[in-house]
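Where a number appears in this text, it was derived from the coordinates with a stated rule and is not lab data. Remember, it's a predicted structure, so these values are computed and weren't measured experimentally. Heads up, the Cβs are rebuilt from the backbone with ideal geometry, glycines too, and the neighbour counts pull from every protein chain shown.
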Amino acid sequence: MNRWHRSFSNLGRVRHIAILCLVTAICVSCSGGGSSNNASTNGGSGGASSGSPGGSGGTGGSGSSGGTAAAATDVLTFHNDLARTGQYLAETTLTPANVNATSFGKVGFLSVDGKVDAQPLYVSNVSMNGAAHNVVYVVTEHASVYAFDADSNAQLWQRSLLGAGETTSDPRNCAQISPEIGITATPVIDRGRGTNGVMYAVAMSKDGGGTIHQRLHAIDLATGAEVFGGPTEIAGSYPGSGANSSNGVTVFDPQQYAERQALTLVNGNVYLAWTSHCDQGVYAGWVMAYNADTLAQTGALNLTPNGSGGAIWMGGGGMASDGTSLYLLDANGTFDTTLNAQGFPSNGNFGNAFVKLGAAPNLGVADYFATFDTVSQSARDADLGSGGAMLLPDLVDAGGVTRHLALGSGKDSKIYVVDRDNLGKFNGSSNAIWQEIDGQLIGGVFTTAAFYGNVVYYGSVGDNLKAFPVSGARLATTPASQSAFKFPYPGTTPSISANGAQNAIVWAAENGSVAALHAFNAANLAQELYNSNQSGSRDTFGAGNKYITPMVAHGRVYVGTTNGVAVFGLLK
């Protein structure tokens, strides 16, 4: 991996989703090791339901530990929910009528100490020093966590996750995350844990002796302090004779990996998955689980235990979940075309595959799909795992059967839709899956699709943003609408704001020497409502950063940059 709605025919369903989103309060329970630098404080509650599997702030857990219930306005995880749909259904301020160059623009900039590769997160009504704040949380590649007041843009606190005497990691001879590696992955928040709610984040660092560390941190939302005894040093082993193995055991080597894909929190476990550095060195496909209350490891899985490769990239997207299982796209690596009696790879190597995992403590492959040409894909670095996975809500097919579907895409520019009850496994002559759409995406996919109102939105490399309506549990084979603008590498991961079934807007970030935020009418992507470069320098925010996913909350749109977060909203 060297690089990374138009149809509103189901408005009744969407209105029902919106009502659920506004009334559902999800409480979850969950916990950590040595500390880092002190937190300076000035100085909670949770997540917007998506109407899709695993929707509700992404916590996906049950049982409260005494924290505050999740609020519908919160954004607690990458792309808003566990299904990774990217929809924010509680937006009452921004509409297609007022998002234009006259009324809408850049209203602030949150300055930080490094690149912002992770999506910002938002938590409403967090109590700090006796006052309630709506808070935007930002993490940086300089290994810092920031809390900003979402109404005033004032910094509330900042904390470094580096240990004493440590620096951030160097780029490991790879330009993909550069010039330093600190916090790359989007954290996940559970406001039902601890006293004030907790953010889980992974930081990479280097100590004075040159040793690389990866640590899982649990951070109090109100103070920035480590909780649950954190952080915990990340390590792992798994039976196998493949990459970095000895005496029949493969071992996780922290220096060979970056935590790029967003953290996932399901039923009291925080899930991590790891990329390599430019496909260099000796590496495999690692997934790990940690108890959210104790930060003790509850599972470690190597997806290529008797081979190599198979890192988890997914364009920075997070593993998707229906609250029971987890779904990911694994990148180029060893895949055994010889299958056992159950149809699984004979040596347990799942490189370059769409994988369904059982949850911890039974972390393991429950099902999978590999393309008929998976081996040649890996050989030519045209792998499936460059893009992210997304789950669709329950859909009824033409025969009246309810289908549980997921989709994902990679460098071959095809949209793969799989049945989560039977992903399709491997067949050397054909792809035995629910649906495959060829020839509609111009470039490879290094992003995650979005879903709203029975429409799937895709933004591949060098391509228009495209809308594929869903009917009878199948995507349209051609887009119903598309943007006039084509998004350069790495394409775009769209986000959607709406007030339930009304006022839907698709937001998309453009990478480049001069970046831009675009807004489109979700019902017709040919109608661009706004872009940040159309008013001279008024709304510009500098060079692009390829890991940008816009976050919408509370009448504002937040876009990560190389040195902060640009804030957009209605102009005074």
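For the chain, report the translational diffusion coefficient in µm²/s to the nearest whole number, using Stokes-Einstein at 10 °C, 1.306 mPa s, and a Kirkwood Rh over Cα pairs.
Approximately 69 µm²/s, per Stokes-Einstein.
Counting helices only, and only those DSSP H runs with n ≥ 4, report the 222 nm mean residue ellipticity of the chain as the sum of -39,500 (n - 2.57) divided by its residues, in deg cm²/dmol to the nearest 500.
Per the formula, -1000 deg cm²/dmol.
Pull up all non-local amide H partners of Arg260: gap of 5 or more, or a different chain, and H-to-H distance under 5 Å with H placed in the peptide plane.
Amide H neighbours of Arg260: Thr275.
Which trypsin sites (Lys or Arg not before Pro) from the range 186-287 combine a DSSP loop assignment with at most 16 other Cβ atoms within 10 Å?
none
For an R0 of 56 angstrom, estimate the FRET efficiency from the Cβ-Cβ distance between Ser111 and Asp373 and round to the nearest 0.05.
0.75
Quick one: which residues, 5 or more positions from Phe541 or on another chain, have an amide H under 5 Å from its amide H? H modelled 1.01 Å from N in the peptide plane, none for Pro or chain starts.
For Phe541, the qualifying residues are Ala515.
Nearest 0.05, what FRET efficiency do Thr195 and Asn247 give at R0 = 30 Å with Cβ-Cβ as r?
That gives a FRET efficiency of 0.10.
Number of Lys-Lys pairs in the range 27-570 under 14 Å by Cα, sequence gap 8 or more or different chains?
For the range 27-570, the number of qualifying lysine pairs is 4.
Within a Cβ distance under 13 Å of Thr140, other residues only, what is the Lys/Arg minus Asp/Glu net charge?
Neighbour charge sum, excluding Thr140 itself: -2.
Show me 142-149, 197-204 ranked by packing, highest mean number of other Cβ atoms within 10 Å first.
Peptide ranking by packing, descending: 197-204, 142-149.
Quote to one decimal, in nm, the extra length available between Ala235 and Ala526 on full extension: 0.36 nm per residue of separation minus the C-alpha distance between them.
Net length gain for the segment: 99.9 nm.
Towards the positive end of the charge dipole of the chain, with charges on Cβ (+1 Lys, Arg; -1 Asp, Glu), say which of Gly208, Ser483, Asn153 has the farthest Cα.
Value computed over the given set: Ser483.
List the trypsin sites (Lys or Arg not before Pro) within the range 369-471 that fall in a DSSP loop (any state other than H, G, I, E or B) and whose Cβ has at most 13 other Cβ atoms within 10 Å. Show your work: numbers first, answer last.
Working: sites: Arg380, Arg403, Lys411, Lys414, Arg420, Lys425, Lys466; in loops: Arg380, Lys411, Lys414, Arg420.
Those that pass, being in a loop and sparsely packed, are Arg380.
Would you mind computing, in nm to one decimal, how far apart the modelled labels at Ile442 and Ser537 are, each placed 7 Å from Cα along Cα→Cβ?
Spacing of the two 7 Å Cα→Cβ label points: 3.0 nm.
Can you work out the Karplus-derived ³J(HN,Hα) for every residue in the range 532-541? Use 6.51 cos²θ - 1.76 cosθ + 1.60 with θ = phi - 60°, whole Hz, and x for glycine or proline.
6, 9, 8, 10, x, 8, 4, 10, 6, 9
Would you tally the net charge around Asp151, using a Cβ to Cβ cut-off of less than 14 Å, leaving Asp151 out, and scoring K and R as +1, D and E as -1?
The answer is +1.
Can you work out ³J(HN,Hα) from phi for every residue in the range 165-181, in order, using Karplus 6.51 cos²θ - 1.76 cosθ + 1.60 and θ = phi - 60°, giving whole Hz and x for Gly and Pro?
The phi angles translate into x, 9, 10, 5, 6, 6, x, 6, 6, 9, 8, 5, 10, 8, x, 8, 10 Hz.
Which whole-Hz ³J(HN,Hα) couplings does the range 130-140 yield from phi under the Karplus relation 6.51 cos²θ - 1.76 cosθ + 1.60, θ = phi - 60°, glycine and proline marked x?
Karplus-based 3J(HN,Hα) across the range 130-140 equals x, 10, 8, 10, 8, 10, 9, 9, 10, 10, 10 Hz.
What full-extension length gain, to one decimal in nm, is calculated for Lys572 and Ser513 as 0.36 nm per residue of separation minus the Cα-Cα distance?
Taking Lys572 through Ser513 to full extension adds about 18.4 nm, to one decimal.
Using the Cα gyration tensor of the range 93-208, with a ≥ b ≥ c the square roots of its eigenvalues, what is the shape: rounded (a/c below 1.5), prolate (a/b larger than b/c) or oblate (neither)?
Cα axes put the range 93-208 in the oblate bin.
Once you order the gyration tensor axes a ≥ b ≥ c over the Cα atoms, which shape class does the range 410-500 get: rounded for a/c under 1.5, otherwise prolate or oblate by comparing a/b with b/c?
oblate
Report, in debye and to the nearest 20, how large the dipole of the chain comes out about its Cα centre when Lys and Arg carry +1 and Asp and Glu carry -1 on their Cβ.
Computed about the Cα centre, the dipole is about 900 debye.
Between rounded, prolate and oblate, where does the range 151-216 land on the alpha carbon gyration tensor, with a ≥ b ≥ c its root eigenvalues, rounded for a/c under 1.5, else prolate if a/b exceeds b/c?
Judged from the Cα gyration tensor, the range 151-216 comes out prolate (a/c at least 1.5, a/b above b/c).
Could you work out how far apart the two model spin labels at Asn173 and Val401 are, taking each label as a point 7 Å from the Cα in the direction of the beta carbon, and quote it in nm?
Taking the two extended label points, one gets 5.1 nm.
Tell me the net charge near Tyr122. Cut-off is 14 Å between Cβ atoms, Tyr122 excluded, with +1 for each Lys or Arg and -1 for each Asp or Glu.
Net local charge, Tyr122 excluded: -3.
Between Gln280 and Asn422, what is the spin-label point distance in nm, taking each point 7 Å from the Cα along the Cα→C-beta axis?
Here the answer is 4.6 nm between the modelled labels.
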